[in-house]
Amino acid sequence: MQPRTKPLRVTRGGVFASLAVFAVAALCVRLGFWQLDRRALKQAANDVLHARQVDTPLTIRGLLGDTTGLRFRRAVAAGSWDGERTIVLPGRAYRGVPGAHVLTPLVLEDGSAILVNRGWAPAADAASVDPALFIVGGSVTAEGMIDGFPGADASLAPRAGTVAPQVEFRRVWYAIDETRLREQFPYRLADATLRLTPATTDTGFPVRLEPPVLDAGPHLGYAIQWFSFAAIAIIGWSVMVARNRSGRNP
């Protein structure tokens, strides 16, 4: 004899509980689609950056004008190193090893300069790199990609076409103030930096930095999680209703 199925009894508590389940499920679905939208935006941004990386290298001969849209664009600059004014950006790990980035000004033909990120150097305290790395000079043609100016998002800086009175030179910059950073150089600095890209002939330190990884991030995985939460909520609700109708619950 098959168990008798009870008629579905609608109660105020049951209605509120059902509405809460559907509200949670709807929210989870919305968050899932939000993650998919973020993934699409990330992919579109990656496409733009990839196009810049494969575009014809930009030749830098002096101060850059509008740097909008130039980040991660390949570029070439010819000039002379000013190793005495090398600066260090501490707290940059490489493959789990503490160290710092080493930036040296490259003086261009018009007398201005661009800071060149020569790469990463090891440091036990993540700041004190080998002073021998500051000894660099002579003419060079540097190849890399354009990156942002250190501290550009943290302070209001003078225009790149101006030179403020020089102050005592500070080599290690834990907290970067773009205005003060510019003030310690006797020439105009470009509104961007040039990050050297790896070459097969590189040996020793600084280790040149790899190009940025252009992946879509974890958004797809997050979306699947949210959709799974929504499915769990609906399935759980359906099981509870079925159990109630079968008479297994009082």
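The values are calculated or read from the model by the stated rules, or taken from the named source; none is laboratory data. Not measured: the values here are computed from a predicted model. Neighbour counts are summed over all protein chains in view; Cβ atoms, including those assigned to glycine, are modelled from backbone coordinates with ideal geometry. The area values use the complete protein model at the heavy-atom level, side chains included, leaving out ligands, DNA and RNA. Shrake-Rupley method; radii C 1.70, N 1.55, O 1.52, S 1.80 Å.
For helix 12-54, report the angle its Cα long axis makes with the longest principal axis of the Cα atoms of the chain; keep it between 0 and 90° and round to the nearest 10°.
Helix 12-54 sits at roughly 30 degrees to that axis.
Just reorder Glu168, Glu210, Glu178 by solvent-accessible area, largest first, 1.4 Å probe, all chains present.
Glu168, Glu210, Glu178
Heavy atoms only, probe 1.4 angstrom, no DNA, RNA or ligands counted: give me Thr104, Thr203, Thr67 ranked by accessible area, highest first.
From most exposed to least exposed: Thr203, Thr67, Thr104.
For Trp120, tell me the accessible area in Å² from a 1.4 Å probe, rounded to the nearest 10.
Ignoring ligands and nucleic acids, Trp120 comes out at about 10 Å².
Output the relative contact order of segment 81-156, whole-number percent, from Cα pairs under 8 angstrom with separation of 6+ residues.
30
Just the accessible area per residue of the chain, please: how many Å² with a 1.4 Å probe?
Per residue, the chain has an accessible area of 59 Å².
For segment 1-156, what's the relative contact order in percent, using C-alpha pairs closer than 8 Å and at least 6 residues apart?
20
What is the percent carbon and sulfur in the accessible area of the chain, measuring with a 1.4 Å probe over the protein chains and ignoring ligands?
58
Just the Kirkwood number for segment 61-111, please: inverse of mean 1/r across all distinct Cα pairs, in Å, one decimal.
Result for segment 61-111, one decimal place: 13.4 Å.
First select every other residue whose beta carbon is under 15 angstrom from the beta carbon of Ala127; then total the charges, Lys and Arg +1, Asp and Glu -1.
With Lys, Arg at +1 and Asp, Glu at -1, the net is +1.
What net charge is computed for the residues neighbouring Ala45, neighbours being all others with C-beta under 12 Å from the C-beta of Ala45, Lys and Arg scored +1, Asp and Glu -1?
Here the count lands on +3.
In what sequence, highest mean first, do 48-55, 31-38 appear when ranked by Cβ atoms within 10 angstrom?
31-38, 48-55
With a cut-off of 19 Å, note down the residues of segment 99-127 whose backbone N falls inside the zone around a label point 7 Å from the Cα of Gln184 toward its beta carbon.
The answer is 99-107, 113-121, 123, 125-127, whose backbone nitrogens lie closer than 19 Å to the label point.
For the chain, modelled as a GNM with alpha-carbon contacts under 10 angstrom, which of Pro122, Pro206, Pro218 fluctuates the most?
Pro218
Ignoring ligands and nucleic acids, what accessible area does Tyr222 show with a 1.4 Å probe (Å², nearest 10)?
Near enough 100 Å² of accessible area.
Hey, what number do you get for the chain at 222 nm if only DSSP H runs of n ≥ 4 count, each worth -39500 (n - 2.57), divided across all residues, to the nearest 500?
-11000 deg cm²/dmol
Using Cα atoms only, what is the angle between the long axis of helix 219-246 and the major principal axis of the chain, expressed in degrees (0 to 90) to the nearest 10?
That works out to roughly 10 degrees.
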